Amino acid sequence: MAKTIFITGAGSGLGRGASIGLAKKGHRVIATTELTSQKTDLMREAEELGLDIEVFKLDITNDRDREQIREYDFDVFVANAAINEGGPLAEVPMDRIRALFEVNVFATLETVQIAARKLVEKGSGKIIFMSSMAGISATPYVGPYTATKHAVEGIAQTLKSELAEFNVKVATINPGAFETGFNKRAAEEKWKWYDEEKNFTRKEDMEKQEEGLKDQFDPEDMIAKMVEIIPADHHKFRTVYPEETEKQLKKTQEERWTMDI
């Protein structure tokens with residue numbers, strides 16, 4: 001059965017790919033982008049593919065932009081918009097961490113509150129948080145982003161219980177490391193403020209951690225999984241993909257219970 005699906009942060013990466021993939025499956029997609037240039041580009045691609053996708057600019061940190069959500073009727077709300085930045089947590093400038101929380105946690109929750117009220121009034125629907133493997137594990141020099149996604153996990157689990165009586169479902173999708181450019185751009189940000197003469201974290205340690213970004217997964221696989229899960233009526237609360245990432249995270253969680261300091 002075709003659904004109406006509202007997706008934030010659809011201007012690039014997995015959100016953009018999922019918007020196109022869902023439209024190809026016959027779903028009505030309302031895709032929002034942070035920037036007008038992204039809106040124009042997505043509209044052009046949708047037209048070339050002959051897809052019916054409604055696209056408009058929605059910066060989730062902007063009050064007036066968020067108000068636009070109230071104008072739409074939808075079955076599924078996908079809170080996908082996010083930013084990413086890395087660096088050693090003991091030294092990352094606090095303004096950078098606050099910026100991540102503003103987008104990934106506070107503004108995300110503000111959009112979800114609007115969507116939740118609409119779905120509660122409707123008496124049905126689903127909210128999906130695009131979380132991350134970082135919402136479950138903790139990797140050195142990815143701390144700022146990891147902290148925001150851990151917060152998202154707590155929000156999603158709480159909302160799942162609170163909205164159940166209103167017939168509104170809540171779930172998370174937790175991608176592993178996919179080659180969309182999102183992770184590499186985040187890794188580059190720390191070099192804008194890091195200074196070997198002032199910071200105590202060793203440059204070579206951070207560079208070694210970045211080497212793991214050379215072998216990321218094909219984003220088309222993750223997009224296909226999103227297209228499967230987002231409109232589905234029944235699935236797990238948490239969808240970690242690919243399977244090897246799910247196994248890795250479960251092993252890491254077990255180790256946390258026996259880890260010494």
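Summary of computed values
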{"item": "GNM result for the chain, Cα springs below 10 Å: residue of L14, L22, L159 fluctuating most strongly", "result": "L159"}
{"item": "Relative pair counts by distance (%), Cα atoms of segment 113-243, 10 Å bins", "result": "11, 35, 29, 17, 7, 1"}
{"item": "Reachable aspartates and glutamates, given that their alpha-carbon falls under 14 Å from the alpha-carbon of K203 and they are not under 8 places away in the same chain", "result": "E91, E188, E189, D195, E211"}
{"item": "The chain: antiparallel DSSP beta bridges as a percent of all, rounded to 5", "result": "0 percent"}
{"item": "Solvent exposure, largest accessible area first (probe 1.4 Å, DNA, RNA and ligands not counted), of M130, M1", "result": "M1, M130"}
{"item": "Square roots of five times the Cα gyration tensor eigenvalues for segment 130-187, Å", "result": "26, 12, 7"}
{"item": "Within the chain, helix-based [θ] at 222 nm, where runs of 4 or more DSSP H residues each add -39,500 (n - 2.57), nearest 500", "result": "-13500 deg cm²/dmol"}
{"item": "Share of carbon and sulfur in the accessible heavy-atom surface of the chain [1.4 Å probe, %]", "result": "49 percent"}
{"item": "Amide H partners (placed H, <5 Å) of V170, local residues excluded", "result": "I127"}
{"item": "Radius, Kirkwood style, for the chain when every pair of distinct Cα atoms is counted (Å)", "result": "19.1 Å"}
{"item": "Segment 220-261: radius of gyration and largest Cα-Cα distance (Dmax), Å", "result": "13.9, 43"}
{"item": "Trypsin sites (Lys or Arg not before Pro) lying in DSSP loop within segment 165-257, provided at most 16 other Cβ fall within 10 Å", "result": "K198, R202, K236"}
{"item": "Charge sum, other residues only, whose C-beta stays under 11 Å from V103's C-beta, Lys/Arg counted +1 and Asp/Glu -1", "result": "-4"}
{"item": "Sum of side-chain charges, D75 neighbourhood, beta-carbon under 12 Å (Lys, Arg +1; Asp, Glu -1)", "result": "+4"}
{"item": "By accessible area with a 1.4 Å probe, ligands and nucleic acids excluded, highest first: order of L89, L42", "result": "L89, L42"}
{"item": "Heavy-atom accessible area per residue - the chain, 1.4 Å, Å²", "result": "52 Å²"}
{"item": "GluC sites (Glu not before Pro) within segment 11-51, DSSP loop, no more than 10 other Cβ atoms inside 10 Å", "result": "none"}
{"item": "Cleavage-rule hits, chymotrypsin sites (Phe, Trp or Tyr not before Pro), segment 134-234, DSSP coil, Cβ neighbours within 10 Å at most 12", "result": "F200"}
{"item": "Taking the C-alpha atoms of segment 37-123, convex hull volume expressed per residue in Å³", "result": "130 Å³"}
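The values are calculated or read from the model by the stated rules, or taken from the named source; none is laboratory data. Note that the structure is a prediction, hence the values are computed from the model and not measured. All Cβ positions, even for glycine, are placed from backbone atoms using ideal geometry, and neighbour counts span all protein chains on display. These accessible areas exclude ligands, DNA and RNA; they are computed on the full protein's heavy atoms, side chains included. Shrake-Rupley method; radii C 1.70, N 1.55, O 1.52, S 1.80 Å.
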